[in-house]
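Engineer: There's a structure below that I have some questions on.
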Amino acid sequence: MNLSQFLNQDQTFENLFSLTVTQKNTSTKIIMQLHRNEVNTSHLPFIVDLLKMNLPNVLSTRCFNDENLPFREEVRNTEIGHLFEHILLEYLCQLKIAKGFNRASFAGRTRWNWIKDPRGKFHIHLNCGMKDSDILPVAIEKTVSLMKFILLEEQQAMFFDYKYPGARMRLSRRNGLKNGKRIKP
């Protein structure tokens, strides 16, 4: 995959979200539009477990948020675009180190204004410019792949059943349901 596939054109993935990437000399802007109603990770109950299995280092990334929470906690209740940003930054760091660098550091910022823009539209700004144009498309491809896995509910359910056999039944009983029928108190 090369960057020209993403640059300044809308790419849609599994009807889950679309991306438009604009790369400048010292920065990159990504516009992400979700194509689903849920815009927050609070609707993804297994998010921490999914990340622990697929990209554990992302849980240790620095995060600057209103409540000063570490990303390990922030990820439980944050916007999907913010999650995308952190995953992308982690992949960028991994790829730069794989190229032989001793250290890698990238920064990003995700903003949204759903009064002005449609709900689910995120503006993601990265300090990743042309000098990293060789790793950016690979990082985007990896991020898209992991985001599709996270956002596809069937895959979440399969993961949950694999990791916690029988747990969905226990959860449904705790919430007053057994086999889809209300349990009498």
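Taken together, the values in this text are just the output of simple stated rules run on the coordinates, not laboratory data. Being a predicted model, the structure only gives us computed values, none of them experimental. Cβ: placed from backbone, ideal geometry, glycine included. Neighbour counts: every protein chain shown.
Engineer: Give me the net charge for the shell around ASN77: Cβ to Cβ below 13 angstrom, other residues only, Lys and Arg +1, Asp and Glu -1. Write down the numbers at each step before the final one.
Structural biologist: Numbers: positive: ARG72, ARG76; negative: GLU38, ASP66, GLU67, GLU73, GLU74, GLU79.
That works out to -4.
Engineer: Taking the Cα-to-Cβ direction at LYS116 and at GLU14 and moving 7 Å from each Cα, how far apart do the two end points lie in nm?
Structural biologist: Placing both labels 7 Å along Cα→Cβ, they lie 3.1 nm apart.
Engineer: Kindly provide the chymotrypsin sites (Phe, Trp or Tyr not before Pro) of the range 10-70 that DSSP labels as loop, not H, G, I, E or B, and whose Cβ sees at most 15 other Cβ atoms within 10 Å.
Structural biologist: Answer by residue number: PHE64.
Engineer: Run through the range 77-154 and list the trypsin sites (Lys or Arg not before Pro) located in a DSSP loop whose Cβ has at most 16 other Cβ atoms within 10 Å.
Structural biologist: Working: sites: LYS96, LYS99, ARG103, ARG109, ARG111, LYS116, ARG119, LYS121, LYS131, LYS142, LYS148; in loops: LYS99, ARG103, LYS116, ARG119.
Sparse-neighbourhood loop trypsin sites (Lys or Arg not before Pro): LYS99, ARG103, LYS116, ARG119.
Engineer: Taking loop as defined by DSSP and a crowding limit of 16 other beta carbons within 10 Å, which GluC sites (Glu not before Pro) in the range 43-135 fit? Present the calculation step by step, with values, prior to reporting the outcome.
Structural biologist: Numbers: sites: GLU67, GLU73, GLU74, GLU79, GLU85, GLU90; in loops: GLU67.
When the GluC sites (Glu not before Pro) of the range 43-135 are filtered for loop state and at most 16 Cβ neighbours within 10 Å, GLU67 remain.
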